[in-house]
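See structure below.
The values are calculated or read from the model by the stated rules, or taken from the named source; none is laboratory data. Since the structure is predicted, the reported quantities are computational estimates derived from the model, not experimental observations. Positions of Cβ are generated from backbone atoms using ideal geometry, with glycine treated the same way; all protein chains shown enter the neighbour counts.
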Amino acid sequence: MKNKLPLGKLAMEDDLLTWAWGNDGRMSQIEEALSRHASGDWGELSEQDKAFNDECLVTGGQILSEYTIQDKKIWIVTSSDRSVTTILFPYAY
């Protein structure tokens, strides 16, 4: 997949990191979600939220994607200035 979005530095919330390393397949699924996010696939968002992300690609603004990995929702958030992308559980936002 071709990247549409620069990710900057990557950060992962502590609870998610602990959960991800608890099972061999989780980290690779998170990496796949991160690749989808960078390519402009916003995951399980509403069509309205996907359109907003597409607009933010052009105009600037924070971009959020949502994916489900092994029955857990995760969010991937790239800052407005594209300096950092954080992977986290929604409750940690």
Check your understanding: Out of (1) at pLDDT below 95; (2) among the hydroxyl-bearing types (Ser, Thr, Tyr); (3) in contact with a strand residue (DSSP E or B) (Cβ under 9 Å, 6 or more places away or on another chain), what's the single condition that is false for Ser79?
Key -> (1)
Practice item. Of all residues in region 7-35, count the ones that are closer than 18 Å to Ser79 by Cβ and surrounded by 11 or more Cβ atoms within 10 Å (Cβ to Cβ). Key: 9
Check your understanding: Given Lys72, Lys50, which one is of a type in the set (Lys, Arg) and under 19 Å from Tyr91 (Cα atoms)?
Key -> Lys72
Check your understanding: Can you find a residue in region 70-89 that is without any contact (Cβ under 8 Å) to a residue 12 or more places away in the chain and surrounded by 13 or more Cβ atoms within 10 Å (Cβ to Cβ)?
Key -> no
Check your understanding: How many residues are closer than 19 Å to Glu47 by Cβ and either without any contact (Cβ under 8 Å) to a residue 24 or more places away in the chain or crowded, with 20+ Cβ neighbours inside 10 Å (or both) if we restrict to region 60-69?
Key -> 6
